[in-house]
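> The structure that follows is given in the form of structure tokens.
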Amino acid sequence: MAIFGLVIGSYLLRSYRGRMGTMVQQALIWVLIFLAAVIIYGFKEQLQRQLSPSQAVMISDGAISIPRARDGHFYADMLVNDIRIKFVIDTGASEIFLSSQDAQKVGISLETLIYRGTAETANGEVRIARTTLRTLEFSGIIDKNVRVLVSEGQMSISLLGMSYLRLFERFEIIGDTLLLRR
């Protein structure tokens, strides 16, 4: 390493002969870039929480904290049959509703679903089918054989409704944070 450093140092001194000020300036710029990269990497988790505030955090055994997103909603990234799906938490929804796209992602065959019921949504009435998820995991809390509804209509995001929230002993909004406790 020392020989490698001497070779590079000799090359730089010869290349910048008579322009030492320029060489020092460029060296400082590279040192600052390197330090910025080290600092960003060191604070990676804090930066991710600031840039992506919809990340749920387990704050204690059975307690989950979810920050409000910029659009005013609360979002939950959950593992559905081991596939990550993003939900909007909707206290106005009575059930867990999977969009047809998310249902396919988690291995539900839309062709085998029987759309027997209907649901009123903000976009009007849609046909729905009942099915069961093998697993639903939220910040380390795992529920098995969870009943959900699959919407035949267009949904931009799946909904996490009251049938799931009722599994918690308590949920409350404090400022811009939703707290769920089991």
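> Test of understanding: what is the full-extension gain from R147 to D77, defined as 0.36 nm times their sequence separation minus their Cα-Cα distance?
So the chain would gain 23.4 nm between R147 and D77.
> Now a separate question. May I ask for the net charge around D61, where only other residues with Cβ less than 10 Å from the Cβ of D61 are counted and Lys, Arg are +1 while Asp, Glu are -1?
+2
> Let me check I've understood the local charge: for G140, count other residues with C-beta under 12 angstrom from its C-beta, Lys and Arg +1, Asp and Glu -1. What total comes out? Don't jump to the answer; show the numbers that get you there.
On the way: positive: R182; negative: D61, E137, D143.
My count for the surroundings of G140 gives -2.
> Return the lysines within reach of K44: Cα separation strictly under 16 angstrom, same-chain partners fewer than 8 residues apart disregarded; answer none if there are no such residues.
Output for K44: empty list, no partners.
> Reachable lysines from K105, Cα under 16 Å, same-chain residues fewer than 8 places away excluded?
Correct list for K105: K86.
> Further, regarding this structure: What ranking, highest mean first, results for peptides 170-182, 129-141 when packing means the other Cβ atoms within 10 Å averaged over each residue?
129-141, 170-182
> Could you work out how far helix 2-15 tilts from the main Cα principal axis of the chain, as a 0 to 90 degree angle to the nearest 10?
Tilt of helix 2-15: around 70 degrees.
> Just rank F168, F4, fewest to most, by other beta-carbon atoms within 10 angstrom.
Ascending number of Cβ neighbours within 10 Å: F4, F168.
> If I fit a long axis through the Cα atoms of helix 20-42 and take the longest principal axis of the Cα atoms of the chain, what angle between them do I get, 0 to 90°, rounded to 10?
For 20-42 against the chain, the angle is about 30 degrees.
> In addition: So how do 117-128, 77-88 stack up, highest first, on mean other-Cβ count within 10 Å?
Answer by packing, highest mean first, reads 77-88, 117-128.
> Among [x] 17.3; [y] 10.5; [z] 11.6, only one was calculated for this model; which label is it, if the read-out is mean projected area of the Cα convex hull in nm²?
Answer by label: [x].
Read-outs throughout are calculated quantities, based only on the coordinates presented, and are distinct from any laboratory measurement. As the structure is a computational prediction, the values presented were derived from the model and not from experiment. Methodologically, a virtual Cβ is constructed for each residue, glycine included, from the backbone with ideal geometry; neighbour enumeration extends over all protein chains shown.
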